[in-house]
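The values are calculated or read from the model by the stated rules, or taken from the named source; none is laboratory data. Keep in mind that this is a model prediction, so the values were computed, not measured. Here the Cβ positions follow ideal geometry from the backbone for every residue, glycine too, while neighbour counts run over all protein chains shown. Quick note on the areas: whole protein, heavy atoms, side chains included, nothing else; ligands and nucleic acids left out. Shrake-Rupley method; radii C 1.70, N 1.55, O 1.52, S 1.80 Å.
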Amino acid sequence: MASSRVTANRKVGVFGGTFDPIHNGHVAVAESVREALDLDQVLFVVTSDQWLRENPPVAAAADRFNMVELAVDNVLEFTASDVDIVREGSTYTVDTLRDLRAQLGDEVELYLIVGADSAASMNRWKDAEQIGKLANIVAVGRPGQAFAIQSLDKSHPASGAEYVEGPMIDVSATLVRKFLSTAQSVDTLVHENVAKYIENRNLYR
Ligand code: ATP
């Protein structure tokens with residue numbers, strides 16, 4: 001007998017990054033997408049240390065993960081995910097989404113959240129054409145990053161993305177690290193427990 005009960009799928013945001021360290025821009029972006037799309041949960045997925053990019057992360061994956069946990073601890077819907085850290089090898093978004101799908105089951109609807117700078121480069125990502133099949137893509141505005149979905153070629157993975165302008169906070173992890181290396185306060189840029197963690201562990205000096 002067919003059930004007449006309708007169960008709404010759980011909507012889960014997937015926000016990947018090096019988070020080196022996590023800053024207020026990251027948290028504000030996640031909050032604004034959560035609100036705009038009525039997401040039930042946002043996973044902050046921390047990249048492993050073996051991520052192949054020009055500039056490898058400065059802090060170890062364990063420290064970056066701990067800082068994400070500290071920054072999202074007070075938000076019920078936000079969770080740090082180590083899915084990319086426990087998988088051996090480099091981090092590719094397509095693998096992240098496949099692993100999360102296996103972890104969370106078929107009932108869940110995934111929303112991949114990417115900043116405008118990342119969205120623009122998605123055509124160079126591994127198996128980019130698969131990504132849009134595994135998750136809805138959400139591009140978020142970032143100050144200084146001109147980004148117009150309409151101007152993307154139809155073959156670009158982000159051409160079907162949903163655009164959320166978001167809080168437009170002009171902060172980057174690069175700026176946070178620069179402040180720390182020149183002994184300037186980062187109290188307005190990161191969560192206070194993240195600032196304490198950085199100080200205690202003597203990171204980014
Ligand atoms: P870095 O300066 O080290 O390159 P970052 O600040 O860009 O770091 P990442 O961890 O690389 O931080 O970013 C994770 C995701 O968050 C990416 O999709 C990025 O585009 C997005 N993002 C980071 N900061 C902002 C911001 N201020 N506004 C919008 N999106 C952001």
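Determine if segment 162-179 includes at least one residue that is open to solvent by less than 90 Å² (accessible area, probe 1.4 Å) and farther than 30 Å from Val94 by Cβ. Yes; the residues of segment 162-179 include at least one that is open to solvent by less than 90 Å² (accessible area, probe 1.4 Å) and farther than 30 Å from Val94 by Cβ. Within segment 128-146, the set of residues being open to solvent by less than 40 Å² (accessible area, probe 1.4 Å) and in a loop (DSSP other than H, G, I, E, B) comprises Ala135, Gly141, Pro143.
Considering only segment 101-124, I want to know if a residue exists there that is more than 22 Å from Ser32 (Cβ to Cβ), within 12 Å of the ligand (Cβ to nearest atom) and in contact with a helix residue (DSSP H, G or I) (Cβ under 8 Å, 6 or more places away or on another chain). It would help to see each step written out before you state the result.
From segment 101-124, those more than 22 Å from Ser32 (Cβ to Cβ) are 101-107, 123-124; that's our starting set.
Retained after the next criterion (residues that are within 12 Å of the ligand (Cβ to nearest atom)): none.
No, every residue in segment 101-124 fails to be more than 22 Å from Ser32 (Cβ to Cβ), within 12 Å of the ligand (Cβ to nearest atom) and in contact with a helix residue (DSSP H, G or I) (Cβ under 8 Å, 6 or more places away or on another chain).
Is it the case that some residue within segment 82-98 is part of a strand (DSSP E or B) and crowded, with 19+ Cβ neighbours inside 10 Å?
From segment 82-98, those part of a strand (DSSP E or B) are none; that's our starting set.
No: segment 82-98 contains no residue that is part of a strand (DSSP E or B) and crowded, with 19+ Cβ neighbours inside 10 Å.
When we screen Ala195, Ala183, Ala148 for residues that are over 21 Å from Val29 (Cα atoms) and more than 15 Å from the ligand (Cβ to nearest atom), the only hit is Ala183.
Could you grab me the full set of residues in segment 180-205 that are open to solvent by less than 90 Å² (accessible area, probe 1.4 Å), outside any loop (DSSP other than H, G, I, E, B) and either within 15 Å of Ser118 (Cα to Cα) or out of contact with any Pro (no Cβ under 7 Å at 6 or more places or on another chain) (or both)? Those that are open to solvent by less than 90 Å² (accessible area, probe 1.4 Å), outside any loop (DSSP other than H, G, I, E, B) and either within 15 Å of Ser118 (Cα to Cα) or out of contact with any Pro (no Cβ under 7 Å at 6 or more places or on another chain) (or both): Leu180, Ser181, Asn193, Ala195, Tyr197. Residues in segment 33-77 that are open to solvent by less than 20 Å² (accessible area, probe 1.4 Å) and over 21 Å from Tyr163 (Cα atoms): Val46, Thr47, Ser48, Ala59, Ala61, Asp63, Arg64, Met67, Val68, Ala71, Val72. Look at segment 154-174: where a residue is farther than 15 Å from Asp117 by Cβ and more than 12 Å from the ligand (Cβ to nearest atom) and a partner is modelled with pLDDT under 95 and assigned to a loop (DSSP other than H, G, I, E, B), sitting 6+ places away or on another chain with Cβ atoms under 7 Å, you get Ser159/Leu152; Ser159/Asp153. Give the residue that is nearest to Phe15 (Cα to Cα), with candidates limited to residues of segment 115-145 that are without any contact (Cβ under 8 Å) to a residue 24 or more places away in the chain and of a type outside the set (D, E, K, R). Looking at the filtered set, the residue picked out is Ser118.
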